[in-house]
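**Student:** Quick one: structure below, then a few questions.
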Amino acid sequence: MRAAVLREYNAPLSIEDVPDPGCPADGVVLKTIACGVCRSDWHGWVGEHPRVKPGQIGGHEYCGEVVAAGPDAQFAVGDRLVAPFILSCGTCPQCRSGASNTCLDQRLPGFIEPGAFAEYVAVPRDFNLARLPEEISPTVAAGLGCRVTTAWHALTGRAALEAGEWLAVHGTGGIGLSAALLGRAMGAHVVVVDIVQEKLDHALSLGMDAAVMAGEDTPERIREITGGGAHVSVEALGIPATVNNSIRCLRPLGRHVQVGMPVGHTARMDVDMSAVYQGNLALYGTRGMPGWRYPSLLGLIVSGQVDMAPLIAREVALSDVSDELAAFNGPTPPGVAVVTDFSR
């Protein structure tokens, strides 16, 4: 099969013919229909992600059609499925409590085993997967990837965002825009923050209430817009400036949710704990979404309560992934890229 292989950090991926994957006993092999290109892939491509090593086939935001099923699989040949990027074991205390995104024995295609920047991908533990509703296109489903699922869990499973509250979103890349769209669908008032005017204009065109150009006065501007501060603030980049702006823009008893992944030189940072202390704030970390929560998210989309199609900016070929990853080295335009052509 054709696959895009990481051979050297910060260099174009190598498009190669590699062996087709074997089928796991408890899982399936998917013919990849679509795979999103995510900033998390970029962290691995530049060498910041500690688990991604040369030789890796990336791609963790995928959907596909089952072409082989193991004897212990729950799905069958012909099923169209979408997958969370964390494949949980289903038996550890974390999984049994419902928090399978914190599983103690995670399988991670695209990070530590072959992912979906390829014509086929092996997926063990297929009980984590969800059937793709006919109403949702594979391209949109792949675009949900880790960005929409993580954003959904951040707002509902962690911060418990309520209708009528103010939500601030710092960074309107894929995951930030996802949080903004979902927050709006939940009935919240949404203010978005970015350094790219085009992305702010795009968010406003999708119904956001206000937009702020990022800077030192970001917290003050958000407090003015929201009449005292956001109730919930999502940080979607993982860098010190936006983390502290997110914390400082909250009203008393506000909730900060760390969605952006701090890795490399930002893995440890100075945080304004005085603001946390003085404001009686809550800080939440979040990563991924338990697979059992897919029906709530997919149901929201199928019912028409939220349209995630505006998230998709372009469909690209496998050979274009290197350029998409390189684009993350600087400010990016609105929307995300999804690989839909695996023939070139």
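The values are calculated or read from the model by the stated rules, or taken from the named source; none is laboratory data. Quick caveat: nothing in here was measured; it's all calculated off a predicted structure. Here Cβ is always computed from backbone atoms with ideal geometry, including for glycine, and neighbour counts include all displayed protein chains. SASA here: full protein model, heavy atoms, side chains in, ligands and nucleic acids out. Shrake-Rupley method; radii C 1.70, N 1.55, O 1.52, S 1.80 Å.
**Student:** So what is the relative contact order for region 1-90, in percent, with contacts set as C-alpha pairs under 8 Å and at least six apart?
**Tutor:** 31 percent
**Student:** Residue farthest toward the positive end of the dipole of region 165-295, with Cβ of Lys/Arg at +1 and Asp/Glu at -1: which of Ala241, Val259, Tyr294?
**Tutor:** Tyr294
**Student:** For the chain, which whole-number percentage of the solvent-accessible area (1.4 Å probe, protein heavy atoms only) is attributable to carbon and sulfur atoms?
**Tutor:** Answer for the chain is 51 percent, counting heavy atoms of protein chains only.
**Student:** Please give the charge dipole size of region 112-264, origin at the Cα centre, charges +1 on K and R Cβ atoms and -1 on D and E Cβ atoms. Round to the nearest 20 debye.
**Tutor:** It comes to approximately 380 debye.
**Student:** Which one, Val271, Val29, Val123, has the greatest fluctuation when you compute a Gaussian network model over the chain with C-alpha springs under 10 angstrom?
**Tutor:** Ranking Val271, Val29, Val123 by mean-square fluctuation puts Val271 first.
**Student:** Then there's this: Treat each spin label as a single point 7 Å out from the Cα along the C-beta direction, and report the Met213 to Ala313 distance in nm.
**Tutor:** So the label points at Met213 and Ala313 sit 1.9 nm apart.
**Student:** Working from Cα positions, state the angle (0 to 90°, nearest 10) between the long axis of helix 138-153 and the longest principal axis of the chain.
**Tutor:** 50 degrees
**Student:** A follow-up question, please. Rounded to whole Å and sorted largest first, list the principal axis extents of the Cα atoms in region 274-321.
**Tutor:** 49, 32, 21
**Student:** Over 19 Å apart: what share of the alpha carbon pairs of region 211-343 falls there, rounded to a whole percent?
**Tutor:** Result: 65 percent of Cα pairs exceed 19 Å.
**Student:** With springs connecting C-alpha atoms under 10 Å apart, model the chain as a Gaussian network and identify which of Arg107, Arg96, Arg158 has the largest mean-square fluctuation.
**Tutor:** Taking springs between Cα atoms under 10 Å, the residue moving most is Arg96.
**Student:** Further question on the same structure: If Asp201, Asp17 are ordered by their accessible area, calculated over protein heavy atoms with a 1.4 Å probe, which sequence runs from highest to lowest?
**Tutor:** Largest accessible area first, the residues go Asp17, Asp201.
**Student:** Let me ask another. Over the chain, give the accessible area per residue in Å² for a 1.4 Å probe, as an integer.
**Tutor:** It amounts to 40 Å² per residue over the chain.
**Student:** Where the only charges are on Cβ atoms (+1 Lys, Arg; -1 Asp, Glu), what is the dipole of the chain about its Cα centre, to the nearest 20 debye?
**Tutor:** In total the dipole reaches around 760 debye.
**Student:** Another one. Set the Förster radius R0 to 35 Å, insert the Cβ-Cβ distance between Ala163 and Lys53 as r into 1/(1 + (r/R0)^6), and round the FRET efficiency to 0.05.
**Tutor:** 0.20
**Student:** Give me the percent of Cα-Cα pairs in the chain that sit more than 31 Å apart, rounded to a whole number.
**Tutor:** Cα-Cα pairs of the chain separated by over 31 Å account for 30 percent.
**Student:** Rounded to the nearest 0.05, what FRET efficiency do Asn10 and Leu253 give with R0 = 45 Å and r taken as the Cβ-Cβ distance? Could you check?
**Tutor:** 0.55
**Student:** I'd like the orientation of helix 174-185 relative to the chain: the angle between its Cα long axis and the longest Cα principal axis, in ° from 0 to 90, rounded to 10.
**Tutor:** Approximately 60 degrees, to the nearest ten.
**Student:** Just how much of Met213 is accessible, in Å², when a 1.4 Å probe is used and the result is rounded to the nearest 10?
**Tutor:** Surface accessible to solvent at Met213 totals approximately 70 Å².
**Student:** Taking only DSSP H segments of four or more residues, each worth -39500 (n - 2.57), what value at 222 nm results for the chain once the sum is divided by all its residues, to the nearest 500 deg cm²/dmol?
**Tutor:** Estimated from H runs of four or more residues: -7500 deg cm²/dmol.
**Student:** On to the next question. For region 96-113, in order, what is each residue's ³J(HN,Hα) by Karplus, 6.51 cos²θ - 1.76 cosθ + 1.60 with θ = phi - 60°, in whole Hz (x at glycine and Pro)?
**Tutor:** 5, 8, x, 9, 5, 6, 10, 3, 7, 9, 7, 10, 9, x, x, 10, 10, 8
**Student:** Take the Cα coordinates of region 66-196, assign each an equal point scatterer, and use the Debye formula without solvent to give log10 I(q)/I(0) at q = 0.12 Å⁻¹.
**Tutor:** -0.57
**Student:** Hey, another quick one. Could you list which residues have their amide H under 5 Å from that of Leu13, counting only those 5 or more apart in sequence or on another chain, with H placed in the peptide plane?
**Tutor:** Distant-sequence amide H within range of Leu13: Ser322.
**Student:** Go through Ala327, Gly47, Val5 and say which Cα lies farthest out towards the positive end of the charge dipole of the chain; charges sit on Cβ, +1 for Lys and Arg, -1 for Asp and Glu.
**Tutor:** Ranked along the dipole, the leading option is Gly47.
**Student:** Shifting gears a bit: When N counts the residues of region 6-69, how does its alpha-carbon radius of gyration compare numerically with 2.2 N^0.38 Å, as a ratio?
**Tutor:** 1.24
**Student:** Further, regarding this structure: Please list, in order along region 37-52, the HN-Hα scalar couplings obtained from phi with the Karplus expression 6.51 cos²θ - 1.76 cosθ + 1.60 (θ = phi - 60°), rounded to whole Hz, x for Gly and Pro.
**Tutor:** Karplus-based 3J(HN,Hα) across region 37-52 equals 10, 10, 4, 5, 4, 4, 4, x, 5, 8, x, 7, 7, x, 9, 8 Hz.
**Student:** Could I ask something else about it? Using +1 at the C-beta of Lys and Arg and -1 at the C-beta of Asp and Glu, which of His153, Tyr120, Val190 has the Cα lying farthest in the positive direction of the dipole of the chain?
**Tutor:** His153
**Student:** Two-decimal Rg/Rh of region 18-132 from alpha-carbon positions, Kirkwood Rh?
**Tutor:** When Rh is taken as the Kirkwood radius, the ratio is 0.96.
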